[in-house]
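Please read the structure below before turning to the comments.
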2 protein chains.
Amino acid sequence: MNTSLFTFDLIAKDGQARAGVFNTPHGDLLTPVFAPVGTQATVKAVTPAQLEELGATLILANTYHLYLRPGADVIAELGGLHHFMQWQHPILTDSGGFQVFSLEQMRKIDEDGVTFKSHIDGSIHRFTPEKSIEVQQNLGADIIMAFDECAPPYDRAYSERAMQRTHQWAERCLRAKTRRDQALFGIVQGGVFPDLRQQSADYLTSLDLPGYAIGGLSVGETKVEMHAMLEIVHGILPEDKPRYLMGVGTPEDLINGIRRGVDIFDCVLPTRLARHSAAMTFSGRLNLLNAAYARDAQPIDQNCQCYTCRHFSRAYLRHLIVAKEMLAATLISIHNIFTLQELVRQARRAILEQRFAAFASDFLQQYQQNKTTTSSLTERKP
Amino acid sequence: MNTSLFTFDLIAKDGQARAGVFNTPHGDLLTPVFAPVGTQATVKAVTPAQLEELGATLILANTYHLYLRPGADVIAELGGLHHFMQWQHPILTDSGGFQVFSLEQMRKIDEDGVTFKSHIDGSIHRFTPEKSIEVQQNLGADIIMAFDECAPPYDRAYSERAMQRTHQWAERCLRAKTRRDQALFGIVQGGVFPDLRQQSADYLTSLDLPGYAIGGLSVGETKVEMHAMLEIVHGILPEDKPRYLMGVGTPEDLINGIRRGVDIFDCVLPTRLARHSAAMTFSGRLNLLNAAYARDAQPIDQNCQCYTCRHFSRAYLRHLIVAKEMLAATLISIHNIFTLQELVRQARRAILEQRFAAFASDFLQQYQQNKTTTSSLTERKP
């Protein structure tokens, strides 16, 4: 069997929420886990040492970006992605599909794959399931993703077609994969349509993969629809395999996902918000550019134990932002990633102690999200 | 006496080169020492923790910039510069003079001070010696500088006038100063004119200050002229006070300065070069954007023990530069600052072991500076 290096131990369940340990060749992941995104083989503005210090364990890198630049062959030659970017803990790569399909005017899809133009130099490239696996094998992440098609969530005909294609491509990915030290996850598609989601979860379960992702969410559908889709697949996917909700996200989405059985999350949000002056806290977002913080000696969050909050005032962070100093992005990224790490750590503890429902409802009540200034940043972008 | 908290112990001399310990309220500085520049209360792209890890002890911050933004009163209210930027080791502030005089079309000088326009918003401000001291007392650095006028190096009449003004202003600064926990350094001026430099060093020595800077160098004169001026003031300034060569700089300038009795240096060079893809090494500069490094698995410098060289390849750094990732500036800044720290550490050891002449000549021989791509970056800018 291809997946013997990867085992998932479900330690505790509390309602649908799960606490587990996912073993990978680069260490154990305690789930639920949140993965910061390192699109171009760097989590923007932070060093691996800083990521390690704040407790990150899994990071995501983007196959599309690394294929184009510096090239997966270059990374393979330099010892693989772990060595290249000096992250000795688990890494997950996406399949490249989401980015390629987001190119819209610059790609052409057929049953066999996708031809697309590079956003960097307009050069023509082609991804097929086999090519995606080849590239991901060159990168060498612990968790790799099947090449899938993410359709617009409300187009039923398209969603069905994309789902079928995703299933065929998952099988091709499985056949193409040769490395034993990588776990291939399949991706459940089906838009906002319960029967399609059910069909997709059933089909992928039949492939007996080491883990499953739920794709095509957080792409424009409502929260109610997202939650409904999670609940459908929760009832179908095998309990002894980790479940990964792609591209999510906000503190409340994390809690709502964990509540519905999700084990793994990734999102650019903490680092993207940081570069736009927004700090995430357990009680909502602060826009640190706000003049009200100009003489504010408090840290972002009094209760936070991150490097930024242990040392720096809101006034200093605001000064760095106004003065356009790079350190602003670094310090706020450290804080934001730490906040999401802390949130999933607390959720895990609550599950282990069988008090997740109360934890989740307390958290959601306290969390007053102020999206007004930053809502456009929460959407997923290629 | 105003300066009792500051003592300078000359531990060893080797030719004119000196190894000492300068005591400050925020710790001892082992000299020779190189201070990275934190213009806007941050050494660009690195955290205080990273600076500490690479062995920096003294940093410089710019009075002009901090006076304008966020305001010295704001910094005072927030506990002073050490607390504001979270640097618990010694800090040096300049007087603001160099930046103000660099504004050229935007300032008007009279005997009493300088009226200038902010480069940020065009608002009108005025610095006098008393104002510079007031601002520097609000900032609260350990070492503060007398307000001086830096003339173009080859204009004798102007140099003489500026020198006289600098002397009068130094006395006014001394009278204006009230904090006992700050050491006020005077600044020797006089362009490239030996008699003026001699006169300036004599005059400032008579003020019995806790330290002396040599200003108006590294501003367009030749190396031969710079060295001649250093040698003149070396013979005059009191041996038991530290000597600070402002705005210098390159590895060879550091060695040539130490050789002529300089104890303290500061320069933006390591961080500015880093933001322009240039890595400093003991054998010259590397332009890491060079395509030759695209698959180069070596660190910047095999012999370097900095965080960057212990972990990352030239290929990775080049990738970060090409992909316009902020981490490039961070990692190269760490390396460049470390390199200058290591250079002054090695110079100090050589002085203590009475082998500085051989060390300096070996170093200068090995050091093949390649200025072609980066020469414009070595000049001082406001």
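Listed residues B:ILE300, B:ILE332; which is among the β-branched types (Val, Ile, Thr), in a loop (DSSP other than H, G, I, E, B) and at pLDDT 95 or above? Break it down stepwise before answering.
Details: B:ILE332 fails: in a loop (DSSP other than H, G, I, E, B).
Answer to the check: B:ILE300.
Can you list residue pairs whose Cβ atoms sit under 7 Å apart, with the first residue in segment A:229-248 being within 21 Å of A:PRO36 (Cα to Cα) and the second being crowded, with 17+ Cβ neighbours inside 10 Å and among the charged types (D, E, K, R)? Count only pairs 6 or more apart in sequence or on different chains.
That search, which allows pairs on different chains as well, returns A:PRO242/A:ASP263; A:ARG243/A:ASP263; A:TYR244/A:ASP263; A:MET246/A:ASP266; A:GLY247/A:ASP266; A:GLY247/A:ARG380.
Which one is modelled with the lowest pLDDT, of the residues in segment B:1-37 that are β-branched (Val, Ile, Thr) and closer than 17 Å to B:PHE185 by Cα?
Restricting to residues being β-branched (Val, Ile, Thr) and closer than 17 Å to B:PHE185 by Cα, the top hit is B:THR3.
With at pLDDT below 95 and in contact with a strand residue (DSSP E or B) (Cβ under 7 Å, 6 or more places away or on another chain) as the only criterion, which of A:LEU217, A:LEU237 stands out?
Details: A:LEU237 fails: at pLDDT below 95.
Of A:LEU217, A:LEU237, the one residue that is at pLDDT below 95 and in contact with a strand residue (DSSP E or B) (Cβ under 7 Å, 6 or more places away or on another chain) is A:LEU217.
Hey, any hits in segment B:336-343 for a residue that's among the acidic types (Asp, Glu) and assigned to a strand (DSSP E or B)?
Quick first cut of segment B:336-343, residues among the acidic types (Asp, Glu) only: B:342.
From the residues that got through so far, the ones that are assigned to a strand (DSSP E or B) too are none.
The answer is no, given that none of the residues of segment B:336-343 is among the acidic types (Asp, Glu) and assigned to a strand (DSSP E or B).
Cβ-Cβ distance below 7 Å, separation of 6 or more or different chains: which pairs start in segment A:346-366 with a residue that is under 12 Å from A:ALA17 (Cβ atoms) and end on one that is of a type in the set (Lys, Arg) and surrounded by 13 or more Cβ atoms within 10 Å (Cβ to Cβ)?
Here the result reads A:ILE351/A:ARG18; A:ALA360/A:ARG259, each pair linking segment A:346-366 to a residue that is of a type in the set (Lys, Arg) and surrounded by 13 or more Cβ atoms within 10 Å (Cβ to Cβ).
Yes or no, residue by residue, for (1) modelled with pLDDT of 95 or more; (2) not polar (S, T, N, Q):
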{"site": "A:PHE147", "(1), (2)": "yes, yes"}
{"site": "A:PRO152", "(1), (2)": "no, yes"}
{"site": "A:ARG161", "(1), (2)": "yes, yes"}
{"site": "A:GLY190", "(1), (2)": "yes, yes"}
{"site": "A:ARG197", "(1), (2)": "yes, yes"}
{"site": "A:SER200", "(1), (2)": "yes, no"}
{"site": "A:TYR203", "(1), (2)": "yes, yes"}
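Answer yes if at least one residue in segment A:193-201 is surrounded by 17 or more Cβ atoms within 10 Å (Cβ to Cβ), of a type in the set (Phe, Trp, Tyr) and assigned to a loop (DSSP other than H, G, I, E, B), and no otherwise.
There is at least one residue in segment A:193-201 that is surrounded by 17 or more Cβ atoms within 10 Å (Cβ to Cβ), of a type in the set (Phe, Trp, Tyr) and assigned to a loop (DSSP other than H, G, I, E, B).
Which strands (runs of 3 or more DSSP E) does segment A:25-85 wholly contain that include 1 or more residues that are surrounded by fewer than 20 Cβ atoms within 10 Å (Cβ to Cβ) and without any contact (Cβ under 8 Å) to a residue 40 or more places away in the chain?
Filter on segment A:25-85 gives A:27-31.
State yes or no: is A:TYR293 touching a helix residue (DSSP H, G or I) at 6+ places or on another chain (Cβ under 6 Å), facing chain B (nearest Cβ under 8 Å) and crowded, with 19+ Cβ neighbours inside 10 Å?
It is false that A:TYR293 is touching a helix residue (DSSP H, G or I) at 6+ places or on another chain (Cβ under 6 Å), facing chain B (nearest Cβ under 8 Å) and crowded, with 19+ Cβ neighbours inside 10 Å.
Could you tell me which residue of segment A:92-102 is surrounded by the most Cβ atoms within 10 Å (Cβ to Cβ), considering only residues that are in contact with a strand residue (DSSP E or B) (Cβ under 6 Å, 6 or more places away or on another chain) and not polar (S, T, N, Q)?
Out of the qualifying residues, it is A:ASP94.
Looking only at residues in segment B:76-86 that are within 10 Å of chain A (Cβ to nearest Cβ) and among the hydrophobic types (A, V, I, L, M, F, W, C), which one is farthest from B:GLY38 (Cα to Cα)?
B:LEU78
Restricting attention to segment A:263-283, does a residue exist that is within 14 Å of another protein chain (Cβ to nearest Cβ), touching a Ser or Thr at 6+ places or on another chain (Cβ under 6 Å) and either on the phi > 0 side of the Ramachandran plot or crowded, with 21+ Cβ neighbours inside 10 Å (or both)?
yes
Taking segment A:322-363 only, how many residues are crowded, with 19+ Cβ neighbours inside 10 Å, more than 10 Å from chain B (Cβ to nearest Cβ) and hydrophobic (A, V, I, L, M, F, W, C)? Spell out how you get there, then give the answer.
Looking only at segment A:322-363, we keep the residues that are crowded, with 19+ Cβ neighbours inside 10 Å, and these are A:323, A:325-344, A:347-348, A:350-351, A:356, A:359-360, A:363.
Subsequent filtering for residues that are more than 10 Å from chain B (Cβ to nearest Cβ) retains A:332, A:335-344, A:347-348, A:350-351, A:356, A:359-360, A:363.
Still in the list and also hydrophobic (A, V, I, L, M, F, W, C): A:332, A:337-338, A:340, A:343-344, A:347, A:350-351, A:356, A:359-360, A:363.
Going through segment A:322-363 one residue at a time, the tally reaches 13.
Let's see how each residue does on (1) on the phi < 0 side of the Ramachandran plot; (2) not in a helix (DSSP H, G or I):
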{"position": "A:ILE133", "(1), (2)": "yes, no"}
{"position": "A:PRO152", "(1), (2)": "yes, yes"}
{"position": "A:ALA162", "(1), (2)": "yes, no"}
{"position": "A:THR178", "(1), (2)": "yes, yes"}
{"position": "A:ILE187", "(1), (2)": "yes, yes"}
{"position": "A:GLY190", "(1), (2)": "no, yes"}
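Say we look at segment B:1-24 and pick out the residues that are assigned to a loop (DSSP other than H, G, I, E, B) and touching a residue at least 40 places away in the same chain (Cβ under 8 Å); which of these is farthest from B:GLN346 (Cα to Cα)? First the steps, then the outcome.
We begin by selecting, within segment B:1-24, every residue assigned to a loop (DSSP other than H, G, I, E, B); these are B:1-7, B:15-16.
Next, only the ones that are touching a residue at least 40 places away in the same chain (Cβ under 8 Å) stay: B:2-6, B:15-16.
Details: B:ASN2: 33, B:THR3: 30, B:SER4: 30, B:LEU5: 28, B:PHE6: 25, B:GLY15: 16, B:GLN16: 16 Å.
Of everything passing the filter in segment B:1-24, B:ASN2 is farthest from B:GLN346 (Cα to Cα).
Residues that are in contact with a Ser or Thr (Cβ under 7 Å, 6 or more places away or on another chain), modelled with pLDDT of 95 or more and farther than 28 Å from B:VAL21 by Cβ: does segment B:85-105 have at least one?
Scanning segment B:85-105 turns up no residue that is in contact with a Ser or Thr (Cβ under 7 Å, 6 or more places away or on another chain), modelled with pLDDT of 95 or more and farther than 28 Å from B:VAL21 by Cβ.
The values are calculated or read from the model by the stated rules, or taken from the named source; none is laboratory data. Because the structure is predicted, anything quoted here is derived from the model rather than measured. When we count neighbours, we look across all protein chains shown, and the Cβ atoms used for this are built from the backbone with ideal geometry, even at glycine.
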